[in-house]
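> Structure in structure tokens, see below.
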Amino acid sequence: MVGDGLVLVLAAAASTVVPGGIHWLVGLALAAGSLLLWAVGGRVLRHYDAHNGRGIWGDVALTFVLLAGMLVPMFVLRYFVPRYAASSDMLRFTMIAVFGVTWLRLLTSWLRTRPVAPVDILIVGVGPLGRHTGLEIRDARDNRRVVGYLRFEDQAAHDRLPAPIVGTASELETTLRERVVHEVFLASSDEVHRPAVQESIRVCERFGIPFALPANRFRIARAEPRDRDVLLDGYVHYLSYRHKPFQLALKRAFDIAASSVAIALLSPLMIAIAVLVKLTSKGPILFKQERVGLYGRPFHMLKFRSMVVNAEELKAKLMAMNERSGPVFKMQRDPRVTALGRFIRKYSIDELPQFINVLRGEMTIVGPRPPVPREVLQYEAWQRRRLSVRPGITCVWQVSGRDEIGFEEWMYLDMQYIDNWSLGQDFQLVFKTVPVVLFGKGAS
């Protein structure tokens, strides 16, 4: 909706640039009138209902109906207001509005209809509450799915559950290490399970995994909570970081806008680098490496290839020369890096394809760097909390010396970022990243 509004304002401004000059008053009136008609029509036709079920072409068809409903009154008004007709170019307005809004509708409809990755739920407790919770999640038919149950020690295993039992509550930490879990439901308010539930809470907090606790221990027949939205499913949901939904929405909007603009503006450079990579060494142009994303979900991070083709095979032979502590491998003069690769790594040019990962939603502009799976296997529990936020292209590590800082300090910097996250801090890190990249500071 905001994007459509900006297109209409741009169309109004462009249509009032006529040979006699810029007619600001007419432009403001044209922008205000078009926005009013568009907002009213959009409300009547439920144009911005996210769950309308129309599909991409249904959205486009409705967009043309709404455009016609806005443009016809504006054309008719030209016959009654001569100054308005003489001071604006409606053909220019129409072309910009139609092409701009239609393009946005195609893009947003495609993003909305893309398959949504499932949200994996683990339920601790196989009693009546745990079984009922699993059935409710299954029957909701949203993108959540129960991937397994953990039973308390005094609970017997049974097969009347919508998902398999994968262990006991005492094995929660091991389960979180081995499986992708987005949230843990602790389905018991029985006093006998209190120590096990408390320990499960501690594990979830260390890992940065959201968890949910039963809202109360009593059956309510008639009374309702004052704020029903808080207890939609009978659970109170907890996060290990400050929840800022409005800022998170703005962050995602910034990611989409910034990555789209970056890909468009840097496409000549990216094409040139792609050609040079192909001409200077054998192998593919892009290097697709499996990385670990939000809550441990794997994805393929894109880079321009800066190493020889068999770099992963040679890595095992070079492990003894690792210059970094912890599970990360780094060498100041890595023999696997090509001559071109050394240059593009120094100035972070090899990471430009990651804007595609950002556009897909697998990464964000600012966030902890995504680790490789074998590194995550060696993480301590508190270090896995860095997986509780979406990984990014740049973060505090990027502007604090990169390869010059140790692994432990790197992890602590990421924890500080997560605990103190704000949109303002993200913009500060983006501005600090620019000189670091331009001068190749701290990279090898």
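The values are calculated or read from the model by the stated rules, or taken from the named source; none is laboratory data. The structure displayed is predicted, hence computed values, not measured ones. Quick reminder, even Gly has a Cβ in these numbers, built from the backbone with ideal geometry, and neighbours come from all protein chains shown. When the accessible area is computed, the model is the full protein with side chains, heavy atoms only, and any ligands, DNA or RNA have been set aside. Shrake-Rupley method; radii C 1.70, N 1.55, O 1.52, S 1.80 Å.
> For 359, 186, 77, write out the residues from largest to smallest accessible area, computed with a 1.4 angstrom probe and no ligands counted. Don't skip to the end; give the middle numbers.
Working: 359 60, 186 0, 77 85 Å².
Correct descending sequence by accessible area is 77, 359, 186.
> Quick check on packing: order 260-272, 367-379 by the mean number of other C-beta atoms within 10 Å, highest mean leading.
Working: 260-272: 12.4, 367-379: 18.0.
Going by the mean number of other Cβ atoms within 10 Å, highest first, we get 367-379, 260-272.
> Any of 282/432; 303/432; 244/346; 251/346; 251/282 with alpha carbons more than 32 Å apart? Name them for me.
282/432; 244/346; 251/282
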